[in-house]
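The next block holds one structure in the form of structure tokens; read it before the comments.
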Amino acid sequence: MQVFQRQEHGISRKDISENALKVLYRLNKGGYDAYLVGGGVRDLLLHKQPKDFDIATNATPEEIKSLFRNCRLIGRRFRLAHILFGRDVIEVATFRGHHSDVPAKVEIKDKADEKGKQQVSSKSQEGMLLRDNVYGTIDEDAERRDFTINAMYYSAKDFTVTDYANGVEDLNNRIVRLMGDPETRYREDPVRMLRAVRFAAKLDMTIEEKTAAPIEELAPLLRDIPSARLFEESLKLLQAGQGLATYKLLRQYNLFQQLFPILADHFTEDHSSQTEQMIEHILAATDKRIAEDKRVNPAFIYAAMLWYPLTTRAEEISFASGLAFYDAFMVAANDILDEQVRSIAIPRRHTTTVRDIWQQQIRFSRRSGKRAFKMMEHPKFRAAYDFMEMRSHFEGDDIVELTSWWNEFQNSDRPLRGKMVQEVNDDGGRRPRRRRPQRRKKPQAKTSS
Ligand code: ATP
Ligand code: MG
């Protein structure tokens, strides 16, 4: 353990969020130890803006709650305090201790207890930690953390940084190093494999040899992680500014394949399949948008990554069952999403958008009559159009032509739009239009049907 004084580490109070400082001061005043820890300290030492500030303390959650009016206790596996300042949330965790393997009831649902078996240990058969709510000292807390660069504690009382595992040195040498025995630590929590890759890509660091060695083989352990947690992780991996670099590393370590088994079926030696090109394209575009401070839509990214697996599946279904392509396409869309949410629980609000974007790709070619006008009113029209534009980089002339038609249509005035549709109608299109008998207008007010 090493302690760095204020003048040695260069972290200044003005780099730390006011709210985080308030929490540190209040805990100190209440007679507790409190430290900034984890990514906050790591990023400040790297002169990067931390994403969030996490605090560790020897106060219990109840004691924290009694100090702050704006405090909410959350979590079952880890009990944590959230101190709320409007939209800003400061997370405060009580120092965690070691586990004794005393008989304990499982508190989270785990694959191992699916059949109603009761666990008699805080670890599952695979060595995964099922409970993590034993309080401890700061030394124990440091040992329980994942990487050396994440086990540094900043005190607002004396402005020191306490470095438990030579994190400062690893930070200077740009090394991601797991604390303790890597295999044991990965078995305790397989998500640490994803975190190793995430920090390496995000901080442009190298994963130390012993830390890297077991990953490829242990990667399948990720299949035991609850899909909701993997959804959260997938956002941090792919939508935090270094998505492309992260994807390449994840793939190298056999981790991406666990998160997206459907995509893995489309992987090639030389990364040349349409699916792989699309993945690289969408992640590069996402990184660029984030660099420009623009918003990114997770649904768009999932829709893009899964697009060619979807069209391949639709063709297979159509061929095998004789269903019309449109119907086969809708069946395939449901299948693909059902399969994907098994590993990553993409929330329904996103899968709905994914399905909308996909469905409209089929509808873009049906432009006759009022259809084109109707399509433009769809709330997801813009996303769907952008999606088609993206596809036009990978697919044939048809889609290029269609994209340019829609581009012109959007940018025309009403009479011109009418003319464009008329041309489609006259052309007969590739899909001859069946005329429905004209319905006579009813004199009454419209009913909503
Ligand atoms: P960032 O917030 O920039 O993504 P971070 O390191 O702060 O990175 P968090 O998920 O916010 O990551 O976690 C805060 C700290 O909690 C980490 O720095 C680490 O010390 C500890 N930690 C988080 N997840 C784990 C884990 N799975 N195993 C052990 N320690 C962990
Ligand atoms: Mg953090």
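The values are calculated or read from the model by the stated rules, or taken from the named source; none is laboratory data. Computed from a prediction, not measured in an experiment: that's the story for all the values here. Counting neighbours? That spans all protein chains shown, and the Cβs are built from the backbone with ideal geometry, glycine included. Please note that ligands, DNA and RNA were not included when accessible areas were found on the heavy atoms of the full protein model with its side chains. Shrake-Rupley method; radii C 1.70, N 1.55, O 1.52, S 1.80 Å.
When 192, 251, 187 are checked against the criterion of being assigned to a helix (DSSP H, G or I) and under 22 Å from residue 51 (Cβ atoms), 192 stands alone in meeting it.
The requirement of being of a type outside the set (A, V, I, L, M, F, W, C) and open to solvent by less than 20 Å² (accessible area, probe 1.4 Å) is not satisfied by residue 261. Of the conditions (1) within 12 Å of ligand 1 (Cβ to nearest atom); (2) within 21 Å of the chain's Cα centre (by Cα); (3) modelled with pLDDT of 95 or more, residue 165 satisfies every one except a single condition; which number is it? Exception for residue 165: condition (2).
Determine whether the range 231-241 contains at least one residue that is open to solvent by less than 30 Å² (accessible area, probe 1.4 Å), assigned by the TED database to the domain that holds residue 393, more than 17 Å from residue 199 (Cβ to Cβ) and part of a helix (DSSP H, G or I). No: zero hits.
When residues in the range 39-50 are screened for being within 11 Å of ligand 2 (Cβ to nearest atom) and surrounded by 22 or more Cβ atoms within 10 Å (Cβ to Cβ), 3 of them pass. With respect to (1) surrounded by 17 or more Cβ atoms within 10 Å (Cβ to Cβ); (2) closer than 21 Å to residue 350 by Cα, the lone exception for residue 253 is condition (2).
Can you confirm whether residue 81 is free of Cβ contacts under 8 Å to residues at least 60 places away in the same chain and open to solvent by 10 Å² or more (accessible area, probe 1.4 Å)? Break it down into steps so the answer makes sense when it comes.
Values: free of Cβ contacts under 8 Å to residues at least 60 places away in the same chain: yes; open to solvent by 10 Å² or more (accessible area, probe 1.4 Å): no.
So residue 81 fails the test.
With the requirement that a residue be surrounded by 19 or more Cβ atoms within 10 Å (Cβ to Cβ) and not hydroxyl-bearing (Ser, Thr, Tyr), what does the range 14-38 give you? Within the range 14-38, 16, 20, 23, 24, 27, 34, 36, 37, 38 meet the criteria. Among the residues making up the range 145-181, a single one is open to solvent by 30 Å² or more (accessible area, probe 1.4 Å) and within 16 Å of ligand 2 (Cβ to nearest atom): 145. Going by the conditions given, is residue 185 among the basic types (Lys, Arg), touching a strand residue (DSSP E or B) at 6+ places or on another chain (Cβ under 6 Å) and buried (at least 19 other Cβ atoms within 10 Å of the Cβ)? In short, yes.
If I go through the range 1-13 residue by residue, how many of them are part of a helix (DSSP H, G or I) and open to solvent by less than 80 Å² (accessible area, probe 1.4 Å)?
1
I'd like the residue in the range 51-67 that is open to solvent by less than 10 Å² (accessible area, probe 1.4 Å) and of a type outside the set (Ser, Thr, Tyr) and, out of all such residues, is nearest to the chain's Cα centre (by Cα). Residue satisfying both the conditions and the ranking: 55. Among the residues of the range 31-60, write down those that are outside any loop (DSSP other than H, G, I, E, B), near ligand 1 (Cβ under 9 Å from one of its atoms) and not aliphatic (A, V, I, L, M). Passing the criteria: 39, 40, 42, 43, 54.
In the range 245-271, how many are over 22 Å from residue 190 (Cα atoms) and touching a residue at least 24 places away in the same chain (Cβ under 8 Å)?
Final tally of qualifying residues: 2.
Can you find even one residue in the range 344-361 that is under 29 Å from residue 408 (Cα atoms) and hydroxyl-bearing (Ser, Thr, Tyr)? The answer is yes, given that some residue of the range 344-361 is under 29 Å from residue 408 (Cα atoms) and hydroxyl-bearing (Ser, Thr, Tyr). Out of 329, 364, 319, one residue alone is over 12 Å from residue 302 (Cβ atoms) and in contact with a Ser or Thr (Cβ under 8 Å, 6 or more places away or on another chain). It is 329. I'd like to know if the range 179-194 contains one or more residues that are of a type in the set (Asp, Glu), without any contact (Cβ under 8 Å) to a residue 60 or more places away in the chain and farther than 20 Å from residue 9 by Cα. Yes, the range 179-194 contains at least one residue that is of a type in the set (Asp, Glu), without any contact (Cβ under 8 Å) to a residue 60 or more places away in the chain and farther than 20 Å from residue 9 by Cα.
Before we move on, is residue 351 among the hydroxyl-bearing types (Ser, Thr, Tyr) and within 23 Å of residue 240 (Cβ to Cβ)? I'd like the intermediate steps shown before the answer.
Working: among the hydroxyl-bearing types (Ser, Thr, Tyr): yes; within 23 Å of residue 240 (Cβ to Cβ): yes.
Answer is yes for this residue.
If you go through the range 417-430 one residue at a time, do you hit one that is surrounded by 10 or more Cβ atoms within 10 Å (Cβ to Cβ), out of contact with any His (no Cβ under 6 Å at 6 or more places or on another chain), at pLDDT 90 or above and polar (S, T, N, Q)? Taking every residue of the range 417-430 in turn, at least one turns out to be surrounded by 10 or more Cβ atoms within 10 Å (Cβ to Cβ), out of contact with any His (no Cβ under 6 Å at 6 or more places or on another chain), at pLDDT 90 or above and polar (S, T, N, Q).
Among the residues of the range 391-411, some residue qualifies, meaning at least one is modelled with pLDDT under 95, open to solvent by 60 Å² or more (accessible area, probe 1.4 Å) and not in a helix (DSSP H, G or I).
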